[in-house]
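Reviewing the structure listed below.
Values quoted throughout were computed directly from the atomic coordinates according to the rules given, and no laboratory measurement underlies them. Everything quoted here is computed from the prediction, not taken from an experiment. Note: ideal-geometry Cβ built from the backbone for every residue, glycine included; neighbour counts use all protein chains shown.
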Amino acid sequence: MPIRLECLSHTPLQGYFDPAPDVLNEVERVQAAARERVLAYDPELVVVFAPDHYNGFFYDLMPPFCIGAAADSIGDYKSLAGPLPVPGALARDMAESVLAADIDVALSYRMQVDHGCAQALEVLTGGLDRFPVIPVFINSVAPPMATLRRARLLGEAIGRFLERTGKRVLVIGSGGISHEPPVPLLAGASDEVAQRLIAGRNPTPEGRAARQARTLAAAKSFTAGDSGLHPLNPEWDLAFMDKMASELLAVDGMTNDAITRDGGRSAHEIRAWVAAFGALSAYGPYRATNDFYRPIPEWIAGFGAMHAAPVAAA
Ligand SMILES: O=C(O)CCc1cccc(O)c1O
Ligand SMILES: [Fe+2]
């Protein structure tokens, strides 16, 4: 019943607006090393905790958490489109087991995932369909959100289920750390933007291109230092990574308001890491390694990567 963990930031701007070659090369080395670890481990099941950016989940029905029993990647930015090989019966059993542990989770047989999920799978496995995968959506951009503690408890409940499967499992957390790309808020939005956030599924190619162009323009002005976006916060990011390595329960004291204040509105994506570490923690004590951290304004990302395994396996 082995388990391994990989957590990493994502950014759809990789390949559109890259940092200096030495930084890009270092990130690519870190990503390649993570992929080599994963391929050598050869998981029988991947569970990927990931946010969504108003591509698969909207305010017509916004759950705090959702397990995918069948899922497609929509292919925004440069991420791959196509079906994920989801073991549906196992995903359904996972949902049942989580609910039995008093954690309310939604279940979808038609989940759409975006770069938040797809990029992690591509980086860590080389594609969308290399291994059986269960995607777990964690709302990280659409307030109100569940607490960070709840993400940890969701992860723990999933970890207890995974241990009982006896499978060789990889858990992935995709997102964070501090960052605030131009993702709109429903509160105060114009009617047009509000409609997009409530009912914006499957936009026109023009609509999608306009959105991607806005993100790229925002990255350029953020890098030039003349944007109102929340600054990256390396100190907060490194403190968060330390918590993941040695003090997971400390996240229970982090309020949603403090996350927004210190890390920016999309820093809530850290709950994907928290859930992944929660799942790992269900197997007992673990050892985590900080593989990379750097604030990368070109990507609007406090960009981090960690991996971890149970102490007994190390
Ligand atoms: O919603 C969008 O299109 C913006 C996406 C986006 C941009 C920068 C960093 C990220 O982590 C991210 O997800
Ligand atoms: Fe994101």
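A protection proxy built from the mean count of other Cβ atoms within 10 Å ranks the segments 275-288, 121-134, most packed first, as 275-288, 121-134. Computed extension length for V311-L80: 79.7 nm, one decimal, from 0.36 nm per residue of separation with the Cα-Cα distance subtracted.
If Lys and Arg each add +1 and Asp and Glu each add -1, what is the summed charge of the other residues whose beta carbon sits under 10 Å from the beta carbon of F17? That works out to -1. Straight-line reach from K220: which aspartates and glutamates have Cα under 14 Å away, leaving out those fewer than 8 places along the same chain? Within the straight-line cut-off, K220 pairs with D18, E180, E298. Taking every C-alpha pair closer than 8 Å and separated by at least 6 residues, the mean separation divided by the residue count of the range 270-314 gives a relative contact order of 39 percent.
Centroid-to-centroid, using Cα positions, the range 51-80 and the range 132-194 are 10 Å apart. Across the range 90-202 the C-alpha pair distances fall into 5 Å bins from zero in the proportions 2, 9, 17, 20, 21, 16, 10, 5, 1, 0 percent. Modelled label positions at E192 and V23, each set 7 Å beyond Cα in the direction of Cβ, lie 3.3 nm from each other. What separates the Cα centres of the range 1-49 and the range 228-247 is a distance of 19 Å.
Each Lys and Arg adds +1 at its Cβ and each Asp and Glu adds -1 at its Cβ; summed about the Cα centre, the chain shows a dipole of about 420 debye.
How high is the relative contact order of the range 1-106, given as a whole-number percent (alpha carbon pairs under 8 Å, six or more residues apart)? Don't skip to the end; give the middle numbers.
Working: 58 pairs, mean separation 22.9, N = 106.
Computed over the range 1-106, the figure is 22 percent.
Loop-located GluC sites (Glu not before Pro) across the range 205-304 with a Cβ neighbour count of 11 or fewer within 10 Å are E247, with loop assigned by DSSP. Any idea what log10 I(q)/I(0) is at q = 0.06 Å⁻¹ for the chain, Debye with uniform C-alpha scatterers and no solvent? At q = 0.06 Å⁻¹ the computed log10 ratios are -0.17.
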